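The values are calculated or read from the model by the stated rules, or taken from the named source; none is laboratory data. Given the structure is predicted, the values throughout are model-derived calculations rather than measurements. Virtual Cβ from ideal backbone geometry, glycine too; neighbours counted across all protein chains shown. Protein only, heavy atoms only, side chains kept; ligands, DNA and RNA dropped before computing areas. Shrake-Rupley method; radii C 1.70, N 1.55, O 1.52, S 1.80 Å.
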Amino acid sequence: MTLITAVHGRIIYNSRGQPTIEVDVSTKTHTGRAAAPSGASVGKHEAVAFPKGGARRCLDILEDNRAKFIGVNSADQKAIYETLKSIDDTKDYSVIGGSTAFAVSMASAQAAALTGNTPLYKSITHKDNYRLPVPLGNILGGGAHAGQGAPDIQEILVCAPQSRSIRDAIQTNIDVHTQLGILLSKRDITFTRGRSDEGGWAPNMNNEQALEISARACEELGYTLGREVALGVDFAASTQYREEHNKYVYDRAGFENDAGEQIEFASDIIKRYKIKYAEDAVHEEAFEEMVTLTERFPDTLIVGDDLTVTNHAILQRAASQKSCNAAILKVNQAGSLYEAMEFARTATQNNIRLITSHRSGESNDSQITHVGVATDSVLLKAGILGGERVAKLNELLRISGNDLIRGVAEL
Ligand code: PGA
Ligand code: ZN
């Protein structure tokens, strides 16, 4: 049976060496385990990762409330959500921390899957067949994910949408990353091969140079940009946005954009580099400006991350206004898995494509890969290198051998 018999928490470290909470949820026969990730460029409206007192406080609250979870059905995500809400009825989990909501709900889902001898993705959504999301990897990092000399833009990404198999798609991303490392080393003999939080290279250069050399890495491998291989950009524009002046300040590159200039700045990059994936090109409350980009680039995924923060009500607003045609799903932005699945339903109903994503501070877990498969995500944004990134990609390979899988998603 999938009823919860025990819940245990502990503090472990994430990929940035910061403390986080890991939770074990047991049924009579099995134990599921999950640790919470955390972001560096965090949306204003996402769940608070930790309450005052940090991971320690999460653990104390979990211990005080452990009894409330005993006897709850681990397979019933709504019941888990309601139990979490009975401890913390704030909108943003500011009492128990979104990290607790994440770890308890993911560990429960894992316990239910193991107990039922079912793959986690099938235990999350019951369907007859599934498609695998295409891996989207970070090849070059800047902004909040890298040091001073790196570009203002947070992430340059790559994906191989026409790959015959998931293995080819992963390999192509790795090849581009490797080739980019070679080019960066040739260009600058002082390049230390330093990497950003998510494993992308963190070179000392501006946005323009970073995009240019990333494009060259793809082309030198024989790929046509926008065809076999496509570049993506996470502008994470809220990092540059200064609300008091209504300007985007590009400190490292040395310029400022007003709202209109920011749209042209992003549009120019999308056109020039045949960008298929453009995330948070304007700040997190610029729903109107996002409409302009969505209208202008119907063949590009115009993606909300800080804009939509895995919140179904905010996504509904974005969908009604046509502010994006795609949205990032990060379970810990919502808090619980149940709320993240509500978000996924809203996306599907509104024809908004989903990208399931890691955070810059990650664990070695791989449940989000299953979430990507379960939600019909077209992309899995999980990095390229680093044990905590590769863990998610390797899980994609394992899942790809399953009978229920019908190929790779079409972008
Ligand atoms: P974060 O970055 O995990 O630091 O928020 C990822 C992103 O912005 O997509
Ligand atoms: Zn983002």
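Could you tell me whether any residue of region 337-348 is at pLDDT 95 or above, outside any helix (DSSP H, G or I) and out of contact with any Lys or Arg (no Cβ under 6 Å at 6 or more places or on another chain)? Checking region 337-348: not a single residue is at pLDDT 95 or above, outside any helix (DSSP H, G or I) and out of contact with any Lys or Arg (no Cβ under 6 Å at 6 or more places or on another chain). For region 140-155, filtered to residues that are within 15 Å of the chain's Cα centre (by Cα) and assigned to a strand (DSSP E or B), the residue that is farthest from His370 (Cα to Cα) is Gly141. When region 369-391 is filtered for residues that are within 16 Å of ligand 1 (Cβ to nearest atom), open to solvent by less than 10 Å² (accessible area, probe 1.4 Å) and outside any loop (DSSP other than H, G, I, E, B), the ones remaining, listed by number, are Val371, Gly372, Leu379, Leu380, Lys381, Arg389.
With respect to the stated conditions, Ser366 fails to be under 19 Å from the mean Cα position of the chain (by Cα), open to solvent by less than 10 Å² (accessible area, probe 1.4 Å) and touching a residue at least 24 places away in the same chain (Cβ under 8 Å).
Among the residues of region 287-305, which ones are in contact (Cβ under 8 Å) with a residue 40 or more places away in the chain and aliphatic (A, V, I, L, M)?
Leu301, Val303
Quickly run through region 199-241 and pick out the residues that are among the hydroxyl-bearing types (Ser, Thr, Tyr) and within 16 Å of ligand 2 (Cβ to nearest atom). Even if it seems obvious, please write down each step before you answer.
Going residue by residue through region 199-241, those that are among the hydroxyl-bearing types (Ser, Thr, Tyr) are 214, 223-224, 238-239, 241.
Hits for region 199-241 are Ser238, Thr239, Tyr241.
Counting only strands (runs of 3 or more DSSP E) that fall entirely inside region 184-278 and contain at least 1 residues that are under 25 Å from the mean Cα position of the chain (by Cα) and free of Cβ contacts under 8 Å to residues at least 12 places away in the same chain, the qualifying elements are 247-250. Any residue that is of a type in the set (A, V, I, L, M, F, W, C), open to solvent by less than 60 Å² (accessible area, probe 1.4 Å) and farther than 21 Å from Ser41 by Cα - is there at least one of those in region 292-300? Yes, region 292-300 contains at least one residue that is of a type in the set (A, V, I, L, M, F, W, C), open to solvent by less than 60 Å² (accessible area, probe 1.4 Å) and farther than 21 Å from Ser41 by Cα.
Results for (1) modelled with pLDDT of 95 or more; (2) within 14 Å of ligand 1 (Cβ to nearest atom); (3) touching a strand residue (DSSP E or B) at 6+ places or on another chain (Cβ under 8 Å), shown as yes or no for each residue.
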| site | (1), (2), (3) |
| --- | --- |
| Asn138 | yes, yes, yes |
| Gly141 | yes, yes, yes |
| Gly147 | no, no, no |
| Gln154 | yes, yes, yes |
| Ala160 | yes, no, yes |
| Ile166 | yes, no, yes |
| Ala169 | yes, no, yes |
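Output the residue which, of all residues in region 320-355 that are touching a residue at least 60 places away in the same chain (Cβ under 8 Å) and within 14 Å of ligand 1 (Cβ to nearest atom), is farthest from Ser99 (Cα to Cα). Applying the filter and picking the extreme gives Ile355. Might you let me know whether region 311-319 holds any residue that is within 16 Å of ligand 1 (Cβ to nearest atom), part of a loop (DSSP other than H, G, I, E, B) and open to solvent by 10 Å² or more (accessible area, probe 1.4 Å)? Yes - at least one qualifying residue is present in region 311-319.
From the list Asn332, Asn394, Asn351, the one residue that fits, being outside any strand (DSSP E or B) and at positive phi, is Asn351.
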